[in-house]
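Each reported figure results from applying straightforward, stated rules to the coordinates on display, with no laboratory input. This one's a predicted model, so the numbers in the text were calculated from it and none came from an experiment. We place every Cβ from the backbone using ideal geometry, glycine too, and count neighbours over all the protein chains shown.
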Amino acid sequence: MAQLPDNLLKRAAEARARAEGRSVDEVLAEMKGEAPVVSAPVAADTAASAASDGPTRDLDAESAQYSVPRGLLERGMRARAGADGSSVPAMAGAVAAAAPSASQAPVASASGTAPATGPPPVVGPPPGVRTQRLLTVVKAGAIQGTTTEPSDKVNVWPHLLAIEFVALLAMLALLTLMSAFIDAPLLEFANFNAQPNPSKAPWYFLGLQELLAYFDPQVAGVIIPGFGLAALAFIPYIDRNPSVRPSDRKLAIAIFTVFFMSASILTILGSFFRGPGFNFTFPWRDGIFFDDLKTILE
Amino acid sequence: MADANESGGLMTAVKGMGSHLRNSQVWNSIFRPGSPARADGGDSPRNRAYVVMNNVLYHLHPVKVKRHGVKLSYTLCLGGLSFFLFILLTVTGIFLMFYYRPTSPQAYFDLQALEVDVAFGMLVRNMHRWGAHIMVITVFLHMTRVFYHGAYKPPREFNWVVGIILLLLTLLLSFTGYLLPWDQLALWAVTVGSNMAGYTPVFGEQVSFALIGGVQITADTLLRWYVLHVLFLPFIIVIFMAVHFWRVRKDGGVSGPL
Ligand code: HEM
């Protein structure tokens, strides 16, 4: 049996002794297993209560003393009497045999089989009515509630770190191989008096340089990229659709794809299809005018 | 026979030294509990958690992540690879700084000398240049994958904005580095690029002046862009990356599944 702290045990014993009309020491000894269990407690209590206070109990005084509503005491009394009715015959045997299981009596009464064979004809609670006292209500969440929702998670080590490490090695290998075989360009010393033809910006700006061929420099060089960047930055505040399912966001995907494709096409045009004077050329006819790529391809 | 015995003895001695080392105070002070390097760091659920939790890595990764988040096909590792390239560029860049002076004729000749006189000089320069190009691509593709996943939606709106700043800083880092070889390609690409900034309405002249440190590109521009490239912009981008990674975790880890 689980070890209960003494103070709790004592409190339980006191309560039971009070309910059953026995002495606290007796009940305590019984609970501690030092004395034989006196049959079904409810049954044992019958004798005592019937003998001692029986119908003469002063419920008002008890109610004040234990701060239990009078109605509950009354109900308890009636219930106990009802239980007695059923267990009186058993009691004799129980006392003689000293200790049948203590749970017998409550089971008998709870199952509502109480036969009206006992000598005192008492009215028990209707079947299904609870006769226990409610001591306290403990919210389920406080003791046994689970706070975390079940989720499908894996340990970062080793699962994620292994993948990251392999990705890192692959990138390192790619870069090392590329660098071993392709040298970065280093043309002639910077000469302010010899502008090469064509002069091209780094490739990631070539889409903008391509725009310069169509629009006024202010529009192509500042306004379009400026508004483009601002529009990109504000995407989360413009697109208020909460869904992430592709089928729910056809418009957003269409707009972004148009942006992505036009940026790519402009960059490719500016990189490969613009020659001397930034005029249109075909790379397969006139060669490539795009120095970093030229070094890669040669 | 004697040989075998001897080598067996040697093996035992080495093993003994190994386990002695792995149980020493110095070793255990370096590797925190849970590390596979420790004598008591066997593979258990608890130690797997400790590997991350007891490690500087805990600044980047939580102990556990959603299973779908580790699928290579979701992030394509593009953000992680951008970060890795940034680290690689920092390492190779520091190497280059040992041999480079940001002044007018020296810059060019230093690079020429680096390519022929310095062990692995050419290789490291190539890695720095190609790595920078690849990083622009991975950052751009990372942005694209984030868009197609709708991963900028609440609560991740602000991390997208931080991302745009990172994209801009990545481009600026690459662009400022473009001038440093001080050859014809560098000079004229930067001329074309910074001319565009000069078209800014109203403040065009001022913007251009601040950018190139004068009315036209000179050796002063070289110094200015060098400082921006090796110090100022990396400093700023590291701060924004820290915010970016922190927000990825605070916003509930990688988004999805779709
Ligand atoms: C230097 C550049 C950048 C670095 C190093 C970087 C790094 C990362 C990393 C490591 C992640 C974790 C998930 C993943 O790998 O996909 C991430 C997520 C994210 N990044 Fe970036 N990023 C950069 C630029 C950008 C840009 C340009 C954008 C968008 C404009 C952006 C927006 C986001 C968003 C919204 C997330 C959360 C995605 C999700 O939860 O699925 N980042 N970034």
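Some observations on this one:
- Distance from the alpha carbon centroid of segment B:4-60 to that of segment B:182-237 works out to 52 angstrom.
- Partner aspartates and glutamates whose Cα lies under 12 Å from the Cα of A:Lys294, excluding those fewer than 8 positions away in the same chain, are identified as A:Asp183.
- Ascending count of other beta-carbon atoms within 10 Å, so fewest first, for B:His128, B:His68: B:His68, B:His128
- Cα shape, segment B:31-176, gyration tensor, a/c 1.5 rule: oblate
- Rounded to whole numbers, the Karplus 3J(HN,Hα) couplings from phi for segment A:9-14 are 4, 5, 5, 5, 5, 4 Hz, using 6.51 cos²θ - 1.76 cosθ + 1.60 with θ = phi - 60°, and x at Gly and Pro.
- Shape summary of segment B:33-111, radius of gyration then Dmax from alpha carbon positions: 20.2, 60 Å.
- As a proxy for reagent exposure, A:Ile253, A:Ile235, A:Ile265 were ordered by neighbouring Cβ count within 10 angstrom, fewest first; the result is A:Ile265, A:Ile253, A:Ile235.
- Those lysines that a straight Cα-Cα span of less than 18 Å connects to A:Lys32, excepting residues fewer than 8 apart in one chain: A:Lys10
- Convex hull of Cα atoms in segment B:74-246, direction-averaged projection (nm²): 11.1
- The mean count of C-beta atoms from other chains within 10 Å of the C-beta of residues in A:231-241, rounded to a whole number, is 5.
- This ranking places A:Ser247, B:Ser19 by how few other beta-carbon atoms lie within 10 Å of each, fewest first, which gives A:Ser247, B:Ser19.
- Average projected area [Cα convex hull, segment B:205-258], square nanometres: 6.0
- Axis of helix B:184-198 versus longest Cα principal axis of chain B: the two differ by about 70°, to the nearest ten degrees.
- Average Cα contact separation per residue, segment B:74-246, under 8 Å, 6 or more apart, as relative contact order %: 24
- Computed from phi, the 3J(HN,Hα) profile of segment A:160-169 under the Karplus parametrisation 6.51, -1.76, 1.60 (θ = phi - 60°) reads 6, 4, 5, 5, 4, 5, 5, 4, 5, 5 Hz, with x in place of Gly and Pro.
- For segment A:150-298, the convex hull drawn through the C-alpha positions has a volume of 209 cubic angstrom per residue.
- For A:Lys153, the amide hydrogen comes within under 5 Å of the amide hydrogens of B:Arg67, counting only partners 5 or more places away or on other chains and with H modelled in the peptide plane.
- Taken residue by residue and averaged, Cβ atoms of other chains lying within 10 Å of the Cβ of B:105-111 number 2.
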